[in-house]
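Visitor: I have a structure here, written as structure tokens, and I will follow up with some questions on it.
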Amino acid sequence: METIGIDALALAVPNGYLELSDLAAARGVPAGKFVEGLGVRQMAIAAAHEDPVALAANAARRLLAQSGRDPSEIGLCIVGTETAVDHSKPIAAYLHGLLGLPSRCRVYETKHACFGGTAGLLTAVDWIAAGPSLGAAPRVALVVCTDVARYELGSAGEPTQGAGAVAMIVSARPRLFELELGASGSFSRDVHDFWRPLDRKEAVVDGHHSVACYLDALTGAFEAWRSVAGSEPLLRTCYHVPYGKMAKKAHRHRLGLDGITEAEAARSFEREVAPSLILPSLVGNIYTGSLYLALASLLEAEAARLEGARVGLFSYGSGCTAEFFSGRVANGAGAIVDRWAIARSLAERTRLTFEEYEAIRRADPQVDRAPLGTLSVPTGAIAYLGIEQERRVYSN
Ligand code: HMG
């Protein structure tokens, strides 16, 4: 059977970031709690013009340019998000216009907290596996995960914010990462660990309960995956990364299911998981895109030496649903990733002061009603410009 998976991947993050040590100083907390205790160094902060649509469009535009794909090839566009800009019109419809996708293209949005992007990816894989209609070109999908993560100022969740989008081309014979079709385990349960009522921009969270729910879901999904996935070991695992320490706890928990000691799990973590946490530690929790940011981090660090290696992926969405699935780094992925330079591009962002960060957050409630022309918007990237006649307007 033909392979299916991620053919290309690109990222867009806001230009501004906050050092967690600056946040700690302002909140009167030891920096060690955020940097070592949570495993986050910097978090991306979205300015008003960098909304989830603009982030998604910029990631997708970069993806098309880097992969040499023409928008006319895309037959399915799914956007996973939990910070949508409209209760009805999906971000995928905005992308359809901003990217010039063909009219013969299915577009929609998927939501289940941080799982929404995985829902999009797995649906795209099924759509491709179903095969092209007679005489039609091979199916190619665009899946974009985009979010701006916000918790209340001064809350325990505040150091685990972030913002960004990951765009992926999903196709047959993928050049980056092949998914193992059928090697997948699900787990779901109705819990209140993290949610966002309709009238709020900031998430409500029962923090320590959410950690327990994540770990329970990992047990269920991993056992379900293991029952169908065969005995070949995983050489690397990428977990959903609300903050780096959570992935460490997850790995320890997973190995603990097999009676592996904490000391052994810690050694395994450095080899099997740590490379996937380099980029997340510089961007923070980007919700739907977090797992794919971790995969990008792993590939950027090690793709050439991992070609052919089996990699586990764990996606968790609060509420909750989870999936453990697996795939292989494609042959030739190393040469593609050599051209990425994601970590280098993150070093070119602007460091915000704590006061600038708070000003952005305090202006948040007005942004979705800002009249066109009232926001300060730099040129260059696709940006949200404000509202005209009840409609969101974007530059292109
Ligand atoms: P907290 O309660 O303030 O922190 O918030 P804590 O007291 O648990 O400390 C955190 C860690 O720092 C601990 O390490 C401390 O020991 C350590 P641990 O015991 O966990 O290994 N620590 C220090 N280390 C070094 N130097 C120090 C120091 N002080 C303490 N001086 C909490 C933590 C995670 C609860 C909070 O940040 C939060 O509520 N975050 C948001 C919720 C979240 O991210 N949950 C994760 C699982 S749910 C999920 O992933 C889904 C999600 O992405 C949403 C979606 O699906 O859409 C969130």
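The values are calculated or read from the model by the stated rules, or taken from the named source; none is laboratory data. Values in this document were obtained by computation on a predicted structure and should not be read as measured data. Every residue, glycine among them, receives a Cβ derived from its backbone with ideal geometry; neighbour counts consider all protein chains shown. The area values use the complete protein model at the heavy-atom level, side chains included, leaving out ligands, DNA and RNA. Shrake-Rupley method; radii C 1.70, N 1.55, O 1.52, S 1.80 Å.
Visitor: If the cut-off is a Cα-Cα distance under 19 Å, which lysines reach K248, setting aside same-chain residues fewer than 8 apart in sequence?
Guide: K33
Visitor: If you don't mind, there's one more thing I want to ask. Could you work out how far apart the two model spin labels at H87 and E356 are, taking each label as a point 7 Å from the Cα in the direction of the beta carbon, and quote it in nm?
Guide: 3.6
Visitor: Determine the calculated [θ] at 222 nm for the chain from helices alone, applying -39500 (n - 2.57) to every DSSP H run no shorter than 4 residues and normalising by the residue count; nearest 500 deg cm²/dmol.
Guide: On the way: 12 runs with 136 residues, N = 396.
Mean residue ellipticity at 222 nm (helix-derived): -10500 deg cm²/dmol.
Visitor: Compare V29, V170, V53 in a GNM of the chain, Cα atoms joined below 10 Å, and give the one with the largest fluctuation.
Guide: V29
Visitor: Accessible area, 1.4 Å probe, largest first: how do R328, R106 sort?
Guide: Working: R328 60, R106 135 Å².
Sorted descending by solvent-accessible area, the residues read R106, R328.
Visitor: So who's got an amide H within less than 5 Å of the one on R310, skipping anything under 5 residues away but keeping other chains? H placed 1.01 Å off N, in plane.
Guide: Residues meeting the amide H criterion: L235.
Visitor: In nm, what is the difference between 0.36 nm times the number of residues separating E270 and Q389 and their Cα-Cα distance?
Guide: On the way: separation 119, 0.36 × 119 = 42.84 nm, distance 5.31 nm.
Extra length from E270 to Q389 when fully extended: 37.5 nm.
Visitor: I would also like to ask the following. Could you go through the range 107-121 in sequence order and give the Karplus-derived ³J(HN,Hα) for each residue, using 6.51 cos²θ - 1.76 cosθ + 1.60 with θ = phi - 60°, rounded to whole Hz, and x for Gly and Pro?
Guide: Result, rounded to whole Hz: 10, 6, 10, 10, 10, 7, 6, 6, 7, x, x, 5, 4, x, 4.
Visitor: While we're on this one: Rounded to the nearest 0.05, what FRET efficiency is calculated for E223 and E152 with R0 set to 45 Å and r the Cβ-Cβ distance?
Guide: On the way: r = 35 Å, r/R0 = 0.79.
Approximately 0.80, to the nearest 0.05.
Visitor: Stretched out fully, how many nm does the piece from T3 to T261 gain, at 0.36 nm a residue minus the Cα gap?
Guide: Values: separation 258, 0.36 × 258 = 92.88 nm, distance 3.62 nm.
Value of the extension gain: 89.3 nm.
Visitor: What's the extension gain from R369 to E348 if we count 0.36 nm per residue and subtract their Cα-Cα distance?
Guide: Values: separation 21, 0.36 × 21 = 7.56 nm, distance 3.07 nm.
Here the segment from R369 to E348 would lengthen by 4.5 nm.
Visitor: Here's another thing I want to ask about it. If you count, for each residue, the other Cβ atoms within 10 Å and average over each peptide, how do 10-20, 175-185 line up from highest to lowest?
Guide: On the way: 10-20: 23.2, 175-185: 19.6.
So the peptides 10-20, 175-185, ranked by packing, come out 10-20, 175-185.
Visitor: May I pose another question? Ordered by residue, what ³J(HN,Hα) values in Hz, to whole numbers, does the range 63-68 give under the Karplus form 6.51 cos²θ - 1.76 cosθ + 1.60, where θ = phi - 60° and Gly and Pro are x?
Guide: Computed from phi, the couplings for the range 63-68 are 4, 5, 5, 6, 8, x Hz.
Visitor: Take the chain, connect every pair of alpha-carbon atoms lying under 10 Å apart with a spring to form a Gaussian network, then pick out the residue of D258, D364, D86 with the largest mean-square fluctuation.
Guide: Maximum fluctuation in the GNM of the chain, among the listed residues, is at D258.
Visitor: Roll a 1.4 Å probe over the protein heavy atoms and report the accessible area of R310 in Å², nearest 10.
Guide: R310 exposes around 10 Å² with every protein chain in place.
Visitor: Can you list the HN-Hα couplings for the range 270-278, worked out from phi with the Karplus curve (6.51, -1.76, 1.60; θ = phi - 60°), rounded to whole Hz and with x for Gly and Pro?
Guide: Result, ordered by residue: 4, 7, 8, 10, 3, x, 7, 9, 5 Hz.
Visitor: Still on this structure, please answer the following. Quick one: if you stick a label point 7 Å off each Cα along the C-beta vector at S188 and S72, how many nm between them?
Guide: Between S188 and S72, the label points sit 4.0 nm apart.
Visitor: Can you pull the percent of Cα pairs in the range 117-276 with separation above 28 Å?
Guide: On the way: 4300 of 12720 pairs.
Counting pairs separated by more than 28 Å, the tail of P(r) holds 34 percent.
Visitor: Hey, another quick one. So, counting K/R as plus one and D/E as minus one, what does the shell of residues with Cβ under 15 Å around R61 add up to?
Guide: Working: positive: R62, R69; negative: E50, D70, E73.
Net charge in that neighbourhood comes out at -1.
Visitor: Tell me the relative contact order for the range 4-394 as a rounded percent, counting alpha carbon contacts under 8 Å between residues six or more apart. Kindly include the intermediate steps, with their values, before the conclusion.
Guide: Details: 885 pairs, mean separation 89.3, N = 391.
It rounds to 23 percent for the range 4-394.
Visitor: I would also like to ask the following. For E355, tell me the accessible area in Å² from a 1.4 Å probe, rounded to the nearest 10.
Guide: Its accessible surface works out to 130 Å², give or take rounding.
Visitor: In what sequence, largest accessible area first, do H208, H253 appear using a 1.4 Å probe?
Guide: Details: H208 170, H253 55 Å².
So the residues, ranked largest to smallest area, are H208, H253.
Visitor: On to the next question. Can you give me the solvent accessible area of S188 with a 1.4 Å probe, rounded to the nearest 10 Å²?
Guide: My reading of the accessible area for S188 is about 80 Å².
Visitor: Which value results for Rg/Rh of the chain when Rg is the Cα radius of gyration and Rh the Kirkwood radius based on the inverse mean 1/r?
Guide: 0.95
Visitor: Please compute the net charge surrounding W195, taking Lys and Arg as +1 and Asp and Glu as -1 over other residues with Cβ under 15 Å from its Cβ. Please list the in-between numbers first.
Guide: Values: positive: K111, R150, R189, R196, R200, K201; negative: E82, D147, E152, D190, D193, D199, E202, D206.
Net charge around W195: -2.
Visitor: Between D193 and residues 5 or more places away or on another chain, which pairs have amide H atoms under 5 Å apart, with H built 1.01 Å from N, and which residues are they?
Guide: G319
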